[in-house]
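Asks: First the structure, then my questions, so here it is.
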Amino acid sequence: MRVLVVFETMFGNTKQIAQAVAAGLAASTEVEIHDVGDAPTTLPADLDALILGGPTHVFSLSRPSTRENAARHGGSPEDAPLGIREWMQSLPEHPRPFFFAAFDTRTDMALVPGAASRSATRLARRRGFHVLEPKSFYVQGYRGPLVEGELDRARRWGAELATILTGQGAQSVPPVPGDSDG
């Protein structure tokens, strides 16, 4: 089972979550992890799953303007040029469908609508991927750090994904609640 994890980060929080998810997956899958700026521009033919992670900017996936704004507020300016939205949209068609799961980092505030992972899941569904339930992980405030326990939760989620990918197959893929507009 070959899994590719691609993440976008401005403050390092999403990278930490991506590494924890990859660690959870690694017990039973072959995992590659890439920052979106270093991610392959075509997906391997033998890919079984793509896990995509990014920060929630203005209730969705980041855009060049929101990444530039994050850089002005102390985020990494070298991470501003490319986000997972643009990377995913630029991918050529893949020869066969595969599993897709998305995660995001977002502020730990009650009733904040929207999540980057939901937007990524809608894009993946339109491209014909077998989508799995997305997941959000929480940061304190705009820059973080991660809320206590989120790295452990990310490792557990990675292990749960590995179980789905290696043991249960496409018939057991749970639907994405509230995503009927996809």
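Taken together, the values in this text are just the output of simple stated rules run on the coordinates, not laboratory data. These figures come from a predicted structure and were not determined experimentally. Reconstructed Cβ throughout: ideal geometry from the backbone, glycine too, with neighbour counts over all protein chains shown.
Asks: Hey, what do the phi angles of the stretch 63-80 turn into as Karplus ³J(HN,Hα) couplings, whole Hz, using 6.51/-1.76/1.60 and θ = phi - 60°, x for Gly and Pro?
Replies: 10, x, 5, 6, 5, 4, 5, 4, 5, 5, 9, x, x, 6, x, 5, 8, 6
Asks: Per DSSP helix of 4 or more residues, -39500 (n - 2.57); summed, then divided by the residues of the chain. What does that give at 222 nm, rounded to the nearest 500?
Replies: Calculated at 222 nm, the ellipticity per residue is -9000 deg cm²/dmol.
Asks: May I pose another question? GluC sites (Glu not before Pro) within the stretch 121-168: which are DSSP loop residues with at most 15 other Cβ atoms inside 10 Å?
Replies: Passing both the DSSP loop test and the Cβ count: Glu148.
Asks: Oh, and also: Tilt of helix 116-126 relative to the longest C-alpha principal axis of the chain, in degrees (0 to 90, nearest 10)?
Replies: It works out to around 40 degrees.
Asks: Right, another one. Of (i) 15.1, 45; (ii) 22.2, 69; (iii) 20.9, 71, which is the value of Rg and Dmax of the Cα atoms in Å derived from the coordinates here?
Replies: Among (i) 15.1, 45; (ii) 22.2, 69; (iii) 20.9, 71, the one calculated here is (i).
Asks: Cut-off 10 angstrom, C-alpha nodes, Gaussian network model of the chain. Which of Gly12, Gly141, Gly167 fluctuates the most?
Replies: Largest GNM mean-square fluctuation: Gly167.
Asks: Let me ask you something else. For the Cα atoms of the chain, what angle does the longest principal axis make with the long axis of helix 150-163, in degrees from 0 to 90, nearest 10?
Replies: 20
Asks: Towards the positive end of the charge dipole of the stretch 2-172, with charges on Cβ (+1 Lys, Arg; -1 Asp, Glu), say which of Phe11, Leu43, His130 has the farthest Cα.
Replies: The Cα lying farthest towards the positive end belongs to His130.
Asks: Of all DSSP beta bridges in the chain, what percent run antiparallel (nearest 5)?
Replies: So the antiparallel bridges in the chain amount to around 5 percent.
Asks: State, as an integer percentage, the relative contact order of the stretch 1-153 based on alpha-carbon contacts under 8 Å between residues 6 or more apart.
Replies: Relative contact order here is 26 percent.
Asks: Determine the distance separating the Cα centre of the stretch 1-33 from the Cα centre of the stretch 61-111; give it in Å without decimals.
Replies: So the separation of the two Cα centres works out to 14 Å.
Asks: Hey, got the dipole for the chain? About the Cα centre, +1 on K and R Cβ, -1 on D and E Cβ, debye to the nearest 20?
Replies: For the chain, the charge dipole is close to 380 debye.
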